[in-house]
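A.B. asks: Here it is, the structure, as C-alpha cells.
Since every read-out is calculated from the coordinates, none of them should be taken as a lab result. Because the structure is predicted, anything quoted here is derived from the model rather than measured. Note: ideal-geometry Cβ built from the backbone for every residue, glycine included; neighbour counts use all protein chains shown.
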Amino acid sequence: MGVTVAAPSSADEMLGRMVDKLAEQIHPHEETLSAFRKVPRHLFLPDVELDRVYTGSAIPTKHDEKGNPISSSSEVAIMALMLDALRLERGQRVLEIGAGTGYNAAILAELVGAENVVTVDIDPEIADEAREHLRAAGHGAVRVETADGWTGWDEGAPYARIELTAATSDISPHWVAQLEEGGVLVAPLLLRPNAQALVALCKRGEILESLSVFAGGFISLRGVGALGEAAREVGAWRVTSSRVLDEARLLALLQEKPSIEVAEPASWNDLALLAIADENSLAISRRGSPAYSNGIVAEDYSSLAFVEWTGGVLSPRLLLISYGGPEALERLRRRIDEVRGRAWQGIRLVAVPTTNARPDGDAVFVHKNYTFAVSATR
C-alpha cells in the first residue's frame, strides 16, 4: 500500500489568504480586493516558489551588473494603496509607467477594462515578459510598449489616470501634458535622496495638488529621468543621505560591533516620515538586502543608529541597530517619538513648475521641472 501524502495548499487558496490578509490590514476598496482575487500572482512570477509569491512581499525580478534590483513585482499592500489613490472608474484610460512583470497592469485591467490600459517599460526584455504574462492571465488586450517612461506614451493620450511604479525626484512635463484636466497622477516622489513619499496628485492647469500622501518605496526610474547614483558604496553597505558623508569615518564606525534590539512599535509611515522630517537622516542597508532602514549618524561620526524594517507592510519586523556611543541612538529615539503615529493624511503637497513663483510650505523642495511644497494641515 502506498503512502498518501497530503496535497499542498493550492495557488487559489494561497491567493485567497493573501487577499484576506490585505483586507484585514490595509482595508482597500472592495473593487480593489475583488480585482486581486481574480488575478493569480504566480502567473507573473513563474520562476518563484508559490509560498514566496503569496506572502505578498516585493520580489525583485531583474538586477543590474552590481546586483542591485532594477525591476520587481511590487508589494501587494503598496499596490493596493496606490490603486485606491488613483480613484479608478470603469472605462477610464490609464497609463502605467514601469510594466515590471505585468501584474499591476492586470489588476488595472480588472478595474477599468484591459482595452483601456497602456503600460510602458524602458527594457525590451521586461516588456516582452510582461506581455507574455498578461496573455497567460487572460489580459492580452493590455497594450505593452517599450519606451522611456519619462516621455510617457503620447499615442494614447489624454489619460484620466497615470501611475508610476518607479520612483522619481521630479515630475515630467510629458506626464502633465498627457494627463487630462482634473486627472490623477500617482507617483513615488523622492523629495530627498532617502525620503520617498507616494503622492496622488490632481491636475489643475499646470499645478498639481495632492489628494493623498502616504508612505512606500520603489526602485528608481531608469532612462532620461533617472536619478543618478544617489547611494554610496561604503564597504558592504549602501548608504543614501542628503548630506555629504565622510565615507572613511562611516566605514570605520560600521566595522565596530553593533548593538541590536527589537524596536518599539513603529509603522512604515513613521519611518518614511522620519526621512522627510530630518534633513540629516540617512538610509542604510547591506548590499543585496531587502530590508528598508532609516537612521541618523552623529555629526562627528562617533555614533550611528538606524531602524531596520523587514517583512513588508503585512508582516513587519523591526530592529534597532546602533554603532558607537549613545548620541545617535538617543536622537533617533526622540525623532521616532516625534513622528510616531503622525497621520500622513494630514500632509498636503503642491507641485508648481519651478519657473513659477516659489510656493509656500513647511518644507520646500526645488527640483528641475517642479518645486514641491509640503505642509502639515492644522
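A.B. asks: Which far-off residues, 5 or more places away or on another chain, put their amide H under 5 Å from the one on Ser281, with H placed in the peptide plane?
C.D. replies: none
A.B. asks: Tell me the net charge near Val112. Cut-off is 12 Å between Cβ atoms, Val112 excluded, with +1 for each Lys or Arg and -1 for each Asp or Glu.
C.D. replies: Working: positive: Arg87, Arg90, Arg93, Arg161; negative: Glu31, Glu89, Glu96, Glu110, Glu115, Glu163.
Result for the neighbourhood of Val112: -2.
A.B. asks: Would you mind giving the three semi-axes, in whole Å and largest first, of the ellipsoid equivalent to the chain according to its Cα gyration tensor? Write out the running numbers ahead of the final one.
C.D. replies: On the way: eigenvalues 214, 155, 72 Å².
The three semi-axes for the chain are 33, 28, 19 Å.
A.B. asks: If you rank Asp121, Asp64 by fewest surrounding Cβ atoms within 10 Å, what's the result?
C.D. replies: Working: Asp121 29, Asp64 10.
The most exposed by this proxy come first: Asp64, Asp121.
A.B. asks: Still on this model: Report the extension gain between Thr146 and Lys66 in nm, rounded to one decimal, defined as 0.36 nm multiplied by the number of residues separating them, less their alpha carbon distance. Each step should come with its number before you reach the end.
C.D. replies: Details: separation 80, 0.36 × 80 = 28.80 nm, distance 2.37 nm.
Difference between extended and current length: 26.4 nm.
A.B. asks: Decide, for the range 11-225, between rounded, prolate and oblate: order the square roots of the alpha carbon gyration tensor eigenvalues as a ≥ b ≥ c, take rounded if a/c falls under 1.5, and otherwise choose prolate if a/b is larger than b/c, else oblate. Can you show the working numbers first?
C.D. replies: Working: a/c = 1.36, a/b = 1.26, b/c = 1.08.
Verdict is rounded for the range 11-225.
A.B. asks: Let me ask something else about it. In which sequence would Trp309, Trp150 go, from the one with the fewest C-beta neighbours within 10 Å to the one with the most? Could the numbers behind the result be given before it?
C.D. replies: On the way: Trp309 25, Trp150 20.
Ascending number of Cβ neighbours within 10 Å: Trp150, Trp309.
A.B. asks: In debye, nearest 20: dipole of the chain around its Cα centre with unit charges on the Cβ of K, R (+) and D, E (-)?
C.D. replies: On the way: 37 positive and 52 negative charges, 106 e Å.
Computed charge dipole of the chain: roughly 520 debye.
A.B. asks: Next question. What is the fewest-to-most order of Ile260, Ile347, Ile122 by other Cβ atoms lying within 10 Å of their Cβ?
C.D. replies: Values: Ile260 11, Ile347 20, Ile122 24.
Least to most surrounded, the residues fall as Ile260, Ile347, Ile122.
A.B. asks: Shifting gears a bit: If you add up the charges near Gly288, with Lys and Arg at +1 and Asp and Glu at -1, over every other residue whose beta carbon is less than 13 angstrom from its beta carbon, what do you get? Write out the running numbers ahead of the final one.
C.D. replies: Working: positive: Lys66, Arg238, Arg286, Arg287; negative: Asp64, Glu233.
So the surrounding residues net to +2.
A.B. asks: A further question follows. Any idea how far apart Ile207 and Glu49 come out in nm if each label point goes 7 Å out from Cα toward Cβ?
C.D. replies: 5.3
A.B. asks: Distance in nm between label sites at Ser302 and Arg17, each 7 Å beyond Cα in the beta-carbon direction?
C.D. replies: Here the modelled spin labels are 5.0 nm apart.
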